[in-house]
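Written out below as structure tokens is the structure these notes cover.
The values are calculated or read from the model by the stated rules, or taken from the named source; none is laboratory data. Not measured: the values here are computed from a predicted model. Note that each Cβ is placed from the backbone with ideal geometry, even for glycine, and that neighbours are counted across all protein chains shown. SASA here: full protein model, heavy atoms, side chains in, ligands and nucleic acids out. Shrake-Rupley method; radii C 1.70, N 1.55, O 1.52, S 1.80 Å.
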Amino acid sequence: MNSGIIQSVRGMNDILPTASETWRYVEQTIHEVVALYGYGEIRTPIVEKTELFSRSIGEQTDIVEKEMYTFVDRNQDSLTLRPEGTASCIRAGISHGLLYNSTQRWWYLGPMFRHERPQKGRYRQFHQFGVEAIGWPGPDIDSEVISLGHALWRALGLVGLRLEINTLGSLESRRQYTDALKIFLSDNYSDLDEASTFRLDQNPLRILDSKDPNTKALLSNAPVMGDYLTAEDKAHFDLLCRQLDILRIDYHINNRLVRGLDYYTGAVFEWIVPGEGSQNSVCGGGRYDNLVQQLGGSSTPAAGFACGLERLINLVEEQQNRRQSDAVVDIWMVLLGESATLTGHALAEDLRRKGMRVICNCGGGTIGKQLRRADQSGAHYAVIIGDKELESNAITIKGLRIAEEQSGIPLEKAVDFLDAQLKNVTTSR
RNA sequence: GUGAGCGUGGCCAAGUUGGUUAAGGCGCCAGGUUGUGGCCCUGGAGAUCGAGGGUUCGAAUCCCUUCGCUCACCCCA
């Protein structure tokens, strides 16, 4: 590469026209599914005060410790490009007074930023679709957000996603469990891998999903969260499981499932794709009953999830075999000469007003050249305007997908004529 | 942050026991066909072989440095 060429920032990708078609398809499907569940869209700023994320996600998480895009602005405020969407939603809900003695069903979709080493399914600017259901304490809302995700996979024609669920319990039961786990792990300190010894003080629950073989082996004898749950925690989780049964959504209880963000409480879940390597988590979420209060609101229960668009689109491409293509047009105007160009552009506007998709040949060229471009564009018809047509005040049309050519179509009848022709061919308009 | 692999025209690439003009395909342009596309044929343009340095009579090829991309670890969506 020439050193004078400016490249995009590492891990931040361009989505070119051929690929954006799949993105639009996925986004439109999301719009349809959230509408079915009555969720409203919320759009929050991409930049927030750094404190919002450090307080909600947790100081000792990887995200806050080493992955945030943080900078000081001209007012000396510390700002951060959002690494996830939930904190902003709750901040917005609190500051607009929408969460007080009230309930909300929201969804969002947009770019997020984390400074990690890029690899397949993981980028520094990536996109998340997420939902937040705020104000309901019971497991009915947990199963609702899970089934919303499930509905999306179905609408996208995706198969093979595996739902794993767990419960982290309420604050008290989690504290008791954490204490027991700490004692157990401290007693077996020498068997822990290095990263886990570091987490022992800060965030012992995260040791549970360690991938180190020795630590994994050790954990098979460790205390289990299930034994520390209060009766209430248990009832909530059991009811969630029963609701999933009734909805006929298959799930697997994974008592090692721990989320990487500190605000989660109670039921948590993750949709994973077996065999997709380590970036196999397409969607993760759960309850966060303390977050609203933690960010200065009144105590309000909530649940939600976030779904990685790049990973989802990856699956769509693998499973759906969708053809990627540039925009296709109905009509290509072949224009021979200056006055033909003027006439042709005017006719094109009339055609577009009728809803036909039209490209006018630009840059001149012989009729052969222009027809070649017309053919390659994927258009159904070429409209030819040259000296002959101008003389008789008519146009010539030529089918590009079927053998058909007609000349002498009066200019004033051209719009209706082409409209009728196009209705005979299947278009994706 | 750690490790591995890879950087050759716009794109896909062959070529790496060092040897003269760096294959081929796609795309692009022109012509065969001066108002008729696809298929075919012919010709053409387009490369400081990622960058910098070194070894050598000679480097895409060997050595060093550096940048970039990809994948994996870690972590997460």
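Is there a residue in the range A:136-153 that is open to solvent by 40 Å² or more (accessible area, probe 1.4 Å) and under 16 Å from the mean Cα position of the chain (by Cα)? There is at least one residue in the range A:136-153 that is open to solvent by 40 Å² or more (accessible area, probe 1.4 Å) and under 16 Å from the mean Cα position of the chain (by Cα). Name the residue that is farthest from RNA strand B (Cβ to nearest atom), counting only residues in the range A:29-75 that are of a type in the set (S, T, N, Q) and open to solvent by less than 50 Å² (accessible area, probe 1.4 Å). Selected residue: A:T50. Could you count how many residues in the range A:373-417 are more than 9 Å from RNA strand B (Cβ to nearest atom), part of a loop (DSSP other than H, G, I, E, B) and open to solvent by less than 10 Å² (accessible area, probe 1.4 Å)? Counting residues in the range A:373-417 that are more than 9 Å from RNA strand B (Cβ to nearest atom), part of a loop (DSSP other than H, G, I, E, B) and open to solvent by less than 10 Å² (accessible area, probe 1.4 Å) gives 0. Tell me, yes or no, whether the range A:249-270 has at least one residue that is assigned to a strand (DSSP E or B), within 20 Å of A:R154 (Cβ to Cβ) and near RNA strand B (Cβ under 8 Å from one of its atoms). Yes, the range A:249-270 contains a residue that is assigned to a strand (DSSP E or B), within 20 Å of A:R154 (Cβ to Cβ) and near RNA strand B (Cβ under 8 Å from one of its atoms). Suppose we keep only residues that are among the charged types (D, E, K, R) and assigned to a loop (DSSP other than H, G, I, E, B) within the range A:1-53. Which one would you say is nearest to the chain's Cα centre (by Cα)? Here the answer is A:R43. Which residues, counting only those in the range A:175-212, are within 25 Å of A:Y263 (Cβ to Cβ), among the charged types (D, E, K, R) and outside any helix (DSSP H, G or I)? Correct list: A:K211 only. Quick check on A:G355: is it in contact with a Lys or Arg (Cβ under 8 Å, 6 or more places away or on another chain), surrounded by fewer than 13 Cβ atoms within 10 Å (Cβ to Cβ) and either part of a strand (DSSP E or B) or not aliphatic (A, V, I, L, M) (or both)? Considered against the rule, which asks whether it is in contact with a Lys or Arg (Cβ under 8 Å, 6 or more places away or on another chain), surrounded by fewer than 13 Cβ atoms within 10 Å (Cβ to Cβ) and either part of a strand (DSSP E or B) or not aliphatic (A, V, I, L, M) (or both), A:G355 comes out as yes.
What's the total number of residues in the range A:96-125 that are touching an Asp or Glu at 6+ places or on another chain (Cβ under 8 Å) and either open to solvent by less than 30 Å² (accessible area, probe 1.4 Å) or in a loop (DSSP other than H, G, I, E, B) (or both)? So the count comes out to 10.
Filtered by the rule that a residue be in contact with a Pro (Cβ under 9 Å, 6 or more places away or on another chain) and either touching a residue at least 60 places away in the same chain (Cβ under 8 Å) or within 16 Å of RNA strand B (Cβ to nearest atom) (or both), the range A:197-239 gives A:H236, A:F237, A:L239.
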